[in-house]
Amino acid sequence: MVKVTQPIPLNDHGRPDVERWVNQLVGVYPKLDSELIRRACQLLETEDVLIALELGSLIAELNLDDVCVVTGLIYREVRTGRVALASLRDIFDDDVCDLVESVHALAATSLLEMSNSKLQDHQQESQVENIKRMMIAMVDDPRVAVLKLAERVVALRRAKAFNDTRRRRIAGEARAVFAPLAARLGIGQLKWELEDLAFRYTDETLYMDIAQRLSGKRADREQQVNFLEDKIRGILRSQGIEAEVVGRAKHIFSIWRKMQSKSVSFDQVYDVSAVRVIVPRLADCYASLGIIHNTWPHIPSEFDDYIANPKENGYQSIHTALTLDDGNTLEVQIRTEEMHAEAELGVCAHWNYKGDAADQAPFAEKMEWLRQVMEWHEELGGTENLSTLLRHRASDDRIYVSTPQGHVLDLPRWSTVLDFAYRVHTDLGHTCRGGLINGQTATLDRQLENSEQVEILTDKAAQGPEREWLEKELGFVRTDRARAKLVTYFRNLPAANKADIGERLLAHAYAALDLVPFGDSQIAELEASRNLAEGTFFEALGAGEISIFDVVEPFIEIGVRGPQPELLGIEGTRQTTRRFSIRAANRDGLLHDITQILQSLSLNLTATSGVVDNGAEEAVISIETHISDWRQCLNLACHLRLIRGVIEVAG
């Protein structure tokens, strides 16, 4: 449904009460500078006060700071020529004036002339340039995009008073350009309103038909949703989960889109009504899901886990649809408070108010800003090569690398070859066994750098990802996206498979560190220390719930039986020489791969020898290197074991 905003307070004469509005705004958002906002309000002309205050309220709701609120208040005065840009410099600081100027520069030009469909079809040069103009402004100052979106929402709210041609042009532009931008930036609060309002003016008959159907059943639906809110809140509380449970009506445009995509009638749309469950912690999301699924049967085809597999714009939530006792269907969304803020505010959820310098983090790391801007540009049909923009605008906190086909992807600066594989596609990550960087072979944990070309090498026979990839200390994956995909894979394996993986992982640690295998009492002690059910230790280890490094550490001193016990706790800069025996299928390049691992871990090869058993087509290669402690020893052994064709690594 179209969002109903908080009304602007009026005085006894029916005019906007600016002072009450400022006090209300600062009361809700205390970090705003009330004096700065009052100074902006003094510039407002009578006929534009209501629009300006409405836009200022919306900008504040989006978690933006007082500079953005002030810009929203006064930019219309600048656009209409009632206030000169030059005169603003005498009233406000450069931050306000520069932002007003950036937003004003976009206000004069329509991004797409929607009254001429031919322009949209063929992307005439002048219109493409307008798109690029906005894109560059957005990259220069990310706030410009959000202010432009908010301004378009307010314009659409008031479009009912415009003539039909103007109303359709504004609505068409919002639907084709601005709603996709809001979606790309993850600002659900603006996306839904842009889509619903645009739908209302471009397809009024369809819009009103759905709106009337919703309205006709509103009382019964609200009564049912209120009952379900209380019931879900109660059953979760009984299990120790304090949740905020809120019912909501589905947005009209999304109902219509689902009817179109699935070729179903209004009555067959599952999520006309929905309940949102907001919980404190990530673990509570999955616990709540289990409790809710145990209470009502769910519809498997309507289940999506966007926490384990986030959408491209960062959206995270669990979606499920339930069949209620009366046969009706209800959509339930489950997310944490942080995920909810991200879903509603998108990139705006990461903005901090000025003065919070200690909390300021780079825009690029939190928002993946440049990627989202460029992908929005591509969605609108921009064709010009943007490598120059990419080179000059790239943040120091993200890297931009390309595929062999020339597609540019961005990743956090610390990302590895394996992170890149998972960024491209889950299956590519699961079967990845190496990479080429600018044509040269690279290990999976090789950290990528700006402007490199990355090609992923896969093994079609691979059964899935390696359990060692989840070990943080080994550094194979460093992005949340890749880690989430790995966690999902191992968590969903059958219990027996997880137990087998856990046993093999521990056996490899025994061999690498020359340890006496743990007895039943030691396994029981590990289970007790981690509150695991009896007999589930190997399953938890195989699923990645426990780190192999954490498992080994408590028992390392009593379990070692190798010739160099001082390896366990070398102090200062002392090192010891450690020999590793590597048994592998004999092939060309095996020794090169071993030395490449040593190089990637900054270890020096001090000696090597090899024996080939032609009958078994196996090679046994012995290497010696300087090792500082048992952690470095296990780290190296794990990396060596993952080399293609390696059968066993022993310390």
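List of remarks:
- Scanning segment 200-253 for residues that are modelled with pLDDT of 90 or more, touching a helix residue (DSSP H, G or I) at 6+ places or on another chain (Cβ under 6 Å) and of a type in the set (Ser, Thr, Tyr) turns up just one, 201.
- Lone unmet requirement of (1) part of a loop (DSSP other than H, G, I, E, B); (2) touching a His at 6+ places or on another chain (Cβ under 8 Å) for residue 78: (1)
- Considering only residues in segment 311-349 that are part of a helix (DSSP H, G or I) and of a type in the set (A, V, I, L, M, F, W, C), the one that is modelled with the highest pLDDT turns out to be 339.
- The set of residues from segment 11-35 being surrounded by fewer than 17 Cβ atoms within 10 Å (Cβ to Cβ) and under 18 Å from residue 68 (Cα atoms) comprises 23, 24, 27, 28, 30, 31, 34, 35.
- Meets criteria (in contact with a His (Cβ under 6 Å, 6 or more places away or on another chain) and of a type outside the set (Val, Ile, Thr)) for residue 494: no
- Of all residues in segment 541-550, at least one satisfies being within 20 Å of residue 650 (Cβ to Cβ) and either at pLDDT 90 or above or not assigned by TED's automatic domain parsing to the domain that holds residue 509 (or both).
- From 301, 288, residue being surrounded by 18 or more Cβ atoms within 10 Å (Cβ to Cβ) and either over 13 Å from the mean Cα position of the chain (by Cα) or not assigned by TED's automatic domain parsing to the domain that holds residue 236 (or both): 288
- Applying the set (1) modelled with pLDDT of 80 or more; (2) buried (at least 17 other Cβ atoms within 10 Å of the Cβ); (3) not hydrophobic (A, V, I, L, M, F, W, C) to residue 163 leaves exactly one unmet item: (2).
- Restricting attention to segment 469-500, the residues that are within 23 Å of residue 523 (Cα to Cα), surrounded by fewer than 19 Cβ atoms within 10 Å (Cβ to Cβ) and not small (Gly, Ala, Ser) total 7.
- Residues in segment 497-519 that are part of a loop (DSSP other than H, G, I, E, B) and at negative phi: 516, 517, 518, 519.
- Top-ranked residue in segment 525-548 [being within 18 Å of residue 510 (Cα to Cα) and surrounded by fewer than 17 Cβ atoms within 10 Å (Cβ to Cβ); ranked as nearest to the chain's Cα centre (by Cα)]: 547
- Close pairs (7 angstrom Cβ cut-off, 6 or more residues apart or separate chains): acidic (Asp, Glu) in segment 89-108, at pLDDT 85 or above and surrounded by 14 or more Cβ atoms within 10 Å (Cβ to Cβ) anywhere: 95/67
- Qualifying residue in segment 600-612 (condition: modelled with pLDDT of 75 or more, out of contact with any strand residue (DSSP E or B) (no Cβ under 8 Å at 6 or more places or on another chain), assigned to a helix (DSSP H, G or I) and farther than 30 Å from residue 529 by Cβ): yes
- Looking only at segment 288-326, residues that are small (Gly, Ala, Ser) and more than 25 Å from residue 234 (Cβ to Cβ) come to 3 in all.
- First in segment 420-444 and outside any helix (DSSP H, G or I), second anywhere and loosely packed, with under 14 Cβ neighbours inside 10 Å and of a type in the set (Gly, Ala, Ser), Cβ under 9 Å, 6 or more apart: 432/462; 433/462; 441/589
- Enumeration of residues in segment 466-481 that are of a type in the set (D, E, K, R) and part of a loop (DSSP other than H, G, I, E, B): 466, 471, 478
- Search result, residues across segment 58-87 that are surrounded by fewer than 23 Cβ atoms within 10 Å (Cβ to Cβ), among the small types (Gly, Ala, Ser) and under 37 Å from the mean Cα position of the chain (by Cα): 60
- Some residue of segment 68-85 being in the same structural domain as residue 150 (by TED's automatic domain parsing), farther than 18 Å from residue 147 by Cα and touching a residue at least 24 places away in the same chain (Cβ under 8 Å): yes
- Near pairs, Cβ below 7 angstrom, 6+ apart or cross-chain, from segment 223-252 (surrounded by 14 or more Cβ atoms within 10 Å (Cβ to Cβ)) to any residue that is at pLDDT below 85 and of a type in the set (Val, Ile, Thr): 247/225; 250/272; 252/210
- Condition check for residue 194: among the hydrophobic types (A, V, I, L, M, F, W, C), at pLDDT 85 or above and at negative phi: yes
- Residues that are over 18 Å from residue 650 (Cβ atoms) and touching a residue at least 12 places away in the same chain (Cβ under 8 Å) within segment 615-630 comprise 617, 626, 628, 629, listed in sequence order.
The values are calculated or read from the model by the stated rules, or taken from the named source; none is laboratory data. Computed from a predicted model, the values in this text were never measured in an experiment. Cβ atoms come from the backbone with ideal geometry, glycine included; neighbour counts cover every protein chain shown.
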